[in-house]
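Scroll down for the structure; my scribbles are underneath it.
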Amino acid sequence: MTGKRIACLLGTCGLLAGGAGTVVLLSTASAGAVACGNATAAGTPCTMTGTLVLSSGALTLTAPNSLSWAGNVTGLDQKLVDMTAADETYLVDDATGTGAGWHVTVSATTFTSGAQALPNAGTFTSNGSVTSVTDATPPTTACSTGSTCTLPTNTTTYPVAITTAATAPAAVNIYDTSAGTGKGSIIIGGSTANNPVGWWLNVPSNTLAGTYTSTVTMEIISGP
């Protein structure tokens, strides 16, 4: 008995005669795809390259417009906190696309009122609380609306002491992120329902009444 073989050429199969008891299936269906850009026959796929080019953006900080404290002379040492809601948060936007991480620094000149001044050491501190000056909790972080951010991994220890100086005050880190984190638009702090940015002043009992001012400088720097 003569066997039959099945051959498929360009998607069409046929039976071919073969040796006794032999069935052979040959398939050349769908030759390899060709490059797109020219006319191709029906049933013949073509391939192209899809390319997305993303340019680097900027690393920016949106800080509060000002900081403010208020209290009365009581004859006792006081620990005053800035209770203005807008001052309890700031915004970091890392659109660099590098994942290098970043850190936020603060420096401040001596708080002075005429010839009077608050001590440079131990006066100004920051943490993640508006209820306790010694709270070691960091401020809360959250992605801004519309941002699929990578929340920062903060390595800062709180509370942070910000030592003031009459001239050239030293900048200290108040928020420090690890590389690979802190990408996108991120809100630091927020309302008291979360952990806001706490700005604290320690005011000795022998401080005279007056309006004490300081130049506070915030800066964001690339890298942990």
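Bear in mind that the values in this text are calculations on the coordinates, not laboratory data. Because the structure is a prediction, the values reported are computed rather than measured. Using ideal geometry, Cβ is built from the backbone for each residue, glycine included, and neighbour counts are taken over all protein chains shown.
Quick notes
- Packing around the peptides 52-64, 87-99, 198-210, taken as the average count of other Cβ atoms within 10 Å per residue, puts them in this order, highest first: 87-99, 198-210, 52-64.
- Full-stretch length increase - Asn65, Val53 - with 0.36 nm per residue and alpha-carbon distance subtracted: 0.7 nm
- With R₀ set to 30 Å, the beta-carbon distance separating Thr74 from Ala136 gives a calculated FRET efficiency near 0.65.
- Once Rg and the Kirkwood radius are both taken over the C-alpha atoms of segment 40-136, their ratio Rg/Rh works out to 1.35.
- Gyration tensor verdict on segment 81-132 (Cα atoms; rounded if a/c is under 1.5, prolate if a/b is larger than b/c, oblate otherwise): prolate
- Cβ crowding within 10 Å averaged over residues, with 120-133, 154-167 ranked highest first: 120-133, 154-167
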